[in-house]
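Derivation of every value follows stated rules applied to the coordinates shown; laboratory data play no part. Keep in mind it's a predicted model, so treat the numbers as computed, not measured. Positions of Cβ are generated from backbone atoms using ideal geometry, with glycine treated the same way; all protein chains shown enter the neighbour counts.
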């Protein structure tokens, strides 16, 4: 993009400025206006100090006095799981969150622009969806929100609905990316309010910055990831059980968006009845500017169903292109997997010295990693692969770097240099989450004498959809890892 | 947009009218900078008025053989930063472009919406150089003077900001 194009785009984004002709005269009038100086600044300062002390005393004195006799109470859990009285039951029903009402965080945040006040009264998030509850005063309609988390803009489809009069529910069909504490730091920006039905829209700017606990997903059991529907190749990219929904994301090679019918995926309970679907959508897999004769025939489908309360073997029926395929899913009752122990956190893996440098969109120097994959192994097909993957921290966030030979194209044959795919992922409480960058790197394995492995790496990774393809990260340096039974790739 | 350097040689501090006459050719640029940094027309006008008042109060510190424009733009930029730092500004205002005579940025083009959002998420220092370069069409020398940094740093900062805005420039930071 040249400088002229950048200027044009920036002008479109900022808007043309019209210089107010009367600005010089206003400036002059302001300069000539008598200056207002505080009459007795010291006295005012003293009064302010006294008032401040009084306010602080009023706020804290009751708490200090009662604390002496109060029985020590347990600290609230990091996850704000509280019975919800702030969000009306009708709002929860509209958001399909009645069954998990206790997981909806109440908020008391408000913002005002012009005469329109917007209150954020609640929020819920899991890996598949982000739900915000707004209260409008006056009731002007549905706030049009966009959401950023610590990693950037959450680009996904969204929908809105009404709750009790004045309450609106904004649903983004994507979950925010939390830090390792399970909390996502959101920036919610509302640029307009759209009347619900015929009526004018209101422009303005309201912002909120809630910290939202992202509810963890549960496993679904093993399922085949790839299958064919006639000439279409279907990849089940995501099947996850969140507390509120069953979320399935599928990639269909060979199908245009128009080819994929509304009932492409259906979830059937153990008795064969359809589970209530609450989100369904199909989209192209590249930005519209990159659509061509090849990318045009690649479609991504995102569907969500209400999380069934009963455990059992459910059937995911996928149909299209005059063919159908059924995938069995073991769905647990909500909360049933809690007793099986939590997932391994990055800090559960032992530290290892690294000397890796990331430059570009994600810049950091990794001197200490927490490898979660280390060494060579083979699968049922007997093909040897090598994998090194490590958790690392940058700018306060956890990431996961994965370097692994591709057994479909190459066999690991000991110390040598291999051209392999590399990924950098975000990390959520369940482990690696979304891939941010992908590239091809030169991985040198210098030492491969179990349990110790080391070597070097050099290459460039490009940003994926989440961070944009223009983002790039250059990876270089040396790595080490020490195999233990907890680590892959075995 | 390009401005001839305004060098002050014989203006006495103490005459408001003379001071405003001196600044008047620079006010469109000051207003454009404030609008680019703050988005809101009314906030931009407030910022320019406050900046001129500050400039008037500090005119005694101005070196008479210097270029007035970067000096004024620096004060405007500082005033805009002060406004954005004010919590109440971010909560209560921000009504955006509401004037009917202005070209109102619409949300019709998602790419432009994304760019606008990304621009206003930039740190102040990066947003400043982008606005100075591509909204006021200043040279890197003028940007360096306004931002109080070297020309090389101005180029580098601009390049980094463009990367964050995903407006990949065809030039490298050292060009």
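Key figures for this structure:
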{"quantity": "Ranked A:265, A:1, criterion: other C-beta atoms within 10 Å, fewest first", "calculated": "A:1, A:265"}
{"quantity": "Stretch gain in nm, segment residue A:460-residue A:155, where the contour uses 0.36 nm per residue and the Cα spacing is subtracted", "calculated": "107.4 nm"}
{"quantity": "13 Å reach of a label modelled at residue A:444, 7 Å along Cα-to-Cβ, counting backbone N of the stretch A:451-479", "calculated": "A:454-459, A:476-479"}
{"quantity": "Euclidean distance between Cα centres, the stretch A:298-332 to the stretch A:111-136, Å", "calculated": "31 Å"}
{"quantity": "Least to most buried among A:117, A:135 (fewest other Cβ within 10 Å first)", "calculated": "A:117, A:135"}
{"quantity": "Relative contact order of the stretch A:344-490, defined on C-alpha pairs under 8 angstrom at six or more residues apart (%)", "calculated": "25 percent"}
{"quantity": "Inter-site label distance for residue A:419 and residue B:117 at 7 Å from Cα along Cβ, in nm", "calculated": "3.8 nm"}
{"quantity": "Rough spin-label spacing in nm, given labels placed 7 Å along Cα→Cβ, for residue A:395 and residue B:82", "calculated": "3.0 nm"}
{"quantity": "Sorted by Cβ density within 10 Å, fewest first, the residues A:452, A:119", "calculated": "A:452, A:119"}
{"quantity": "Quarter of the Cα convex hull surface for the stretch A:156-277, i.e. its orientation-mean projected area (nm²)", "calculated": "11.6 nm²"}
